[in-house]
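Here the structure is laid out as C-alpha cells; the discussion comes afterwards.
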Amino acid sequence: MWGFYAHQQINRLAVFTLPVEMIGFYKYHIQYITENAVNPDKRRYAVEGEEPRHFIDIDVYGDSAVYKMPRYWQDAVEKFTEDTLNAYGIVPWHVNLMRYRLTDAMRIGDVKAILVLSADLGHYIADANVPLHTTQNYNGQLTGQHGIHGLWESRLPELFSSEYDFFVGKARYIDNPQLEIWNGVIQAHEALDSVLNFERKLTQDTGSDKKYAFETRGNATVQVYSSDFSKAYHKMLNGMVERQMRKAVAMVGNFWYTCWVDAGQPDLDKLIGFEFSEEELEKRKAELMEWKKKRYESREHESE
C-alpha cells in the first residue's frame, strides 16, 4: 500500500480529473473520499480475505510471469486454484471486481455504496501501481533491505510530493478495465529492479549513521530514513515516485469515469445531498485515529 498521506492525495486528486457531469458529486463528497482512502488498510488484518487484495507476488509464478499470467479470474483459478491465487495476492482481479460493484451502485443510485466503493477502488488501484506490491520481496526482507517499502511509498511522497506535477488531464473511458489494471501492474513491476538496486548501492555508499534519523510522531519517537538519504534515493529514482503517483491518479479517475459511463451516465447531481449520519462519521473518525496511532507505534506498514 502507499502510505497514509499518498493514498489520500491520490483519491483527492483523482476527483479533479472527472467531467462536469460527475465532478459536482465527487467534489461535494471529496472529504469523505479523501479521508477514507485508507479504509482497506484498516481492514487488512481484521477482515478475513482482505490482505491479498492489496498486492500480487507475481514473481512466484516464474520468469516473465507478469506478461504471461491469466488476466481473467476464472482462467487464473483454473490454472492455479483459488487458494494459490489468494496466497500470493489478487489485486488486479479485485480491482475489476470492485469496478463491477461501483458500476452497479451507480446504476441503482445507492449513494452510500458509491462513496464507499469509490474510496476503496481508488485504494486498490493505487496499490497496484506500487513496484513493491508486485514481488515476494515486498519489504526488501529477502535482500537485506528491510524497510524499503515504507521508504519508497511513504517517506518519499511525504517529503517530496509537494514538488510533483499532478496535472494528468481529464479522465478517459477504458475499453478493457481488466487489461488496463494489468498494464499498471506490468509497469510497476518493470520498475522493481531499480527500486531495489538503487537503494542497495546508496546504502553501500552511505554510512549507517547517515542513513537513519529519529523523528517524533505523536507521542512516539521513531526511526526513519534521514532526509539526506531520502533525497539522494529520490534523485536516483529520477522521478519514479512522481510517475507512479501520477499514473495512479489518472487510473483512479479513469476507472470512476468508466463505471459511470457503463452505469448509463446517471445524474449524480441528484444524489449530492446525501450525508452520512453523525454516528457513522464519528465511528469512522475513531477508527481512523486508532489506526494512525497503532501504525505510528508499530510502524507495521513498513514490515507488512
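Pairs of Cα atoms under 8 Å, at least six residues apart: use those to get the relative contact order of the chain, whole percent. Write out the running numbers ahead of the final one.
Numbers: 412 pairs, mean separation 85.2, N = 304.
Averaging sequence separation for qualifying contacts and normalising by length gives 28 percent for the chain.
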TODO: Round to the nearest 0.05 the FRET efficiency obtained for F276 and I30 when R0 = 22 Å and r is the Cβ-Cβ distance.
DONE: 0.95
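Find out how many positive minus negative residues lie around G264, taking Lys and Arg as positive, Asp and Glu as negative, among other residues whose Cβ is under 13 Å from that of G264. Before the final figure, lay out the partial values.
Working: positive: R107; negative: E21, D104, D262, D267.
Overall, the nearby charge balance is -3.
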Task: Amide H partners (placed H, <5 Å) of G89, local residues excluded - done: D57
Open item on the list: Suppose the chain between Y67 and I186 were pulled fully straight at 0.36 nm per residue; how much longer would it get relative to their current alpha carbon spacing?
Closed with: 42.1 nm
Task: Amide proton proximity set for Y212, modelled H, under 5 Å, gap of 5+ - done: S226
Task: Label-point gap, in nm, between V77 and Y100 - each point 7 angstrom along Cα→Cβ - done: 0.9
Open item on the list: I need the peptides 51-59, 73-81, 234-242 ranked by packing, meaning the mean over residues of other C-beta atoms within 10 angstrom, with the highest value on top.
Closed with: 51-59, 234-242, 73-81
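Pop the C-beta distance of S227 and T143 into the FRET formula with R0 = 30 Å and round what comes out to the nearest 0.05.
Details: r = 24 Å, r/R0 = 0.80.
Step by step, r from the Cβ atoms, then E = 0.80.
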Task: Most mobile listed residue (K247, K201, K27) in the chain, GNM with C-alpha springs under 10 Å - done: K201
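Can you give the translational diffusion coefficient of the chain in µm²/s, computed by Stokes-Einstein from the Kirkwood radius over Cα pairs at 4 °C and 1.567 mPa s? Each step should come with its number before you reach the end.
Numbers: Rh = 19.9 Å.
Roughly 65 µm²/s, to the nearest whole number.
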TODO: Quick one: which residues, 5 or more positions from R217 or on another chain, have an amide H under 5 Å from its amide H? H modelled 1.01 Å from N in the peptide plane, none for Pro or chain starts.
DONE: V222
- [ ] Per residue of the range 65-81, in order, report the coupling 6.51 cos²θ - 1.76 cosθ + 1.60 (Karplus, θ = phi - 60°) as ³J(HN,Hα) in whole Hz, putting x for Gly and Pro.
- [x] 4, 4, 8, 9, 4, x, 7, 10, 4, 4, 5, 5, 4, 5, 7, 10, 6
Task: Under the Karplus curve 6.51 cos²θ - 1.76 cosθ + 1.60, θ = phi - 60°, whole-Hz ³J(HN,Hα) for the range 259-266, x wherever Gly or Pro sits - done: 4, 5, 5, 5, 7, x, 6, x
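Assuming R0 = 30 Å, what is the FRET efficiency of T203 and Y45, from their Cβ-Cβ distance, to the nearest 0.05?
On the way: r = 29 Å, r/R0 = 0.98.
FRET efficiency, T203 to Y45: 0.55.
Read-outs: derived from the displayed coordinates by stated rules, not from any lab. Everything numeric in this text was worked out from a predicted model, so none of it was measured. Glycine also receives a Cβ, built like all others from the backbone with ideal geometry; neighbour counts cover every protein chain displayed.
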